[in-house]
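The values are calculated or read from the model by the stated rules, or taken from the named source; none is laboratory data. Computed from a predicted structure; not experimentally measured. Every residue, glycine among them, receives a Cβ derived from its backbone with ideal geometry; neighbour counts consider all protein chains shown. With ligands, DNA and RNA removed, areas are computed over all heavy atoms of the protein, side chains included. Shrake-Rupley method; radii C 1.70, N 1.55, O 1.52, S 1.80 Å.
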Amino acid sequence: YIYDKYGLEGLPLCKDYFLSACYHAFILNALADHGLQGLADTMDKCALAAPGVAAQCAHGAGHGFVAWHDYDLIKALLMCDELGAKVEGFAYFNCYDGVFMENIWGVHSGKPSEKRWIKPDDIYYPCNDERIPEKYLNGCWSNQATRIYQFYNGDLRSTALACDKVENESYRNTCYDNFSRQIHPLTQGKKEKVITLCANATGQDRQDSCMLTNMSAFWSVGDRVVPFELCDQADEPLKGTCFTRLIGMIHYQYGKLPREKELSCDKISNDIYKDQCKK
């Protein structure tokens, strides 16, 4: 609606709600109507809109490039690079991440595309496809746990064990991060389910990391209650790590809004971390 009414000038009217869905859709429309150069001009507006918007716009562009090239992932990834060459400070990873996320879901035509790079019997494909250059692989593994989760019909423990078997440590950690993000919608907004579902991760460190990722995910979708409760109920040293991350998100979100920052800091019940937030 915003795009139809205001064209490319309308992007600042979008809000961050629903994981920045408005920005995603706006970018897709801009690409369809104006091609790569029009998208590059729009990215400049993303950078001025609000903290984090430029990364979300780059992510939306990655989704669009897959549709643009009819599910040729290599061409879509190269288009991320082409756009990045035109945009200062371009968030390359977010664009690559969007490419591979679109490949997992493939729903822009109303149903999953039959052209997706998916193999029914290979849970690590396409991240193990030699045609994909290494610089793009972190974006691939950032979505692969979702594919693994689908393969195992929602069995979180099997998904975690499959991530454990990824040989490259960096990609293994990225797979686990996706595992944790996969859990967030399953919690249905209930903090109690975070601990229960994260218990499917192998080992305490992975379970703690899962909790932190979910705390961040609650914040990213606009929940301003559960993140504070999750940090507050954690034991040290996890509590400190949790509040430090939460404080960082508060200041990132409300960098130019001192009143909102103060109100958020006041929600922290622990005086030590409340003072840290306010300072």
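Quick notes on this structure:
- Shown is the FRET efficiency for Thr196 and Glu88, computed with R0 = 51 Å from the Cβ-Cβ distance and rounded to the nearest 0.05: 0.70.
- Those residues of the range 119-160 whose amide nitrogen sits under 18 Å from the label point placed on Gln188, 7 Å along Cα→Cβ: 154-156
- Sequence-distant lysines (8 or more away, or on other chains) whose Cα lies within less than 26 Å of Lys45: Lys5, Lys15, Lys75, Lys86, Lys256, Lys261
- Gaussian network model of the chain, springs between alpha carbon atoms under 10 Å - residue of Asn29, Asn200, Asn168 with greatest fluctuation: Asn168
- Distance (nanometres) between label positions extended 7 Å along Cα→Cβ at Arg224 and Ile2: 1.9
- Leading residue at positive end of dipole, the chain (Cβ point charges), from Cys198, Gly38, Phe65: Cys198
- Distance between the C-alpha centres of the range 1-64 and the range 175-231: 28 Å, rounded to the whole angstrom.
- Ranked by the mean number of other Cβ atoms within 10 Å per residue, highest first, peptides 90-103, 35-48 order as 90-103, 35-48.
- Probe 1.4 Å, protein heavy atoms only - accessible area per residue of the chain in square angstrom: 50
- Asp271-Ser170 FRET efficiency (beta carbon distance; Förster radius 35 Å; 0.05 resolution): 0.40
- Label corresponding to percent of Cα pairs over 33 Å apart when calculated from the structure given, among (i) 26; (ii) 20; (iii) 14: (i)
- The range 118-216 - Rg (one decimal) and Dmax (whole number), Cα, Å: 13.1, 42
- Across the range 181-196, computed HN-Hα scalar couplings (Karplus, 6.51 cos²θ - 1.76 cosθ + 1.60, θ = phi - 60°) run 5, 5, 6, 3, x, 6, 6, 6, x, 10, 5, 4, 6, 4, 5, 4 Hz from first to last residue, x flagging Gly and Pro.
- Taking N as the residue count of the range 211-271, its C-alpha radius of gyration divided by 2.2 N^0.38 Å amounts to 1.03.
- Per-residue ellipticity at 222 nm, computed for the chain from helices alone with -39500 (n - 2.57) per DSSP H run of at least four residues, works out to -21000 deg cm²/dmol.
- Size of electric dipole in the chain: Cβ of Lys, Arg +1 and of Asp, Glu -1, about Cα centre, debye, nearest 20: 560
- Kirkwood hydrodynamic radius (C-alpha pairs) into Stokes-Einstein, the range 15-156, 4 °C and 1.567 mPa s, D in µm²/s: 85
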